[in-house]
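Please treat every number below as a calculation from the coordinates, not as lab data. Keep in mind that what you see is a predicted model, and the values were worked out from it rather than measured. Backbone-built Cβ (ideal geometry, glycine too); neighbour counts: all protein chains shown.
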Amino acid sequence: MRKPVHPGEVFYEDVLVPLGLTVTDAACMMGITRKALSELVNGKKSCSPLMALRIAKVTHTSAESWLTMQSKLDLWKARHNKIGHLREFTIAAHL
């Protein structure tokens, strides 16, 4: 399974670029700082539920779709984390 795309990258490539909007313009429309949106589109910050609601409102999409993208990315990162491997066990065996 390949790494899922960050929702900020999707927002940038599929929304801002085709519309010719700058991060500054979009941030102003969304009522957030340029820095907050820049961190999202550059993959430095996760898409929070509030940010998903803001994106959904300006794109006429669902907040759930943006959160699903973030959730898939977070889960992929957790699965591929080389530091903390989860030990497998069955809860039923301990009851």
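Observations
- Model label points for Lys44 and Lys72, set 7 angstrom from Cα along the Cα-to-Cβ axis, are 2.6 nm apart.
- In Hz, Karplus ³J(HN,Hα) per residue of the stretch 4-18 (6.51, -1.76, 1.60; θ = phi - 60°; x = Gly, Pro): x, 7, 5, x, x, 5, 4, 4, 5, 6, 9, 10, 5, 4, x
- Length available on full extension from Ala36 to Val17: 0.36 nm per residue minus the Cα-Cα distance, which gives 5.1 nm.
- Structure-derived percent of Cα pairs over 19 Å apart: which label, when the choices are (i) 46; (ii) 42; (iii) 60: (i)
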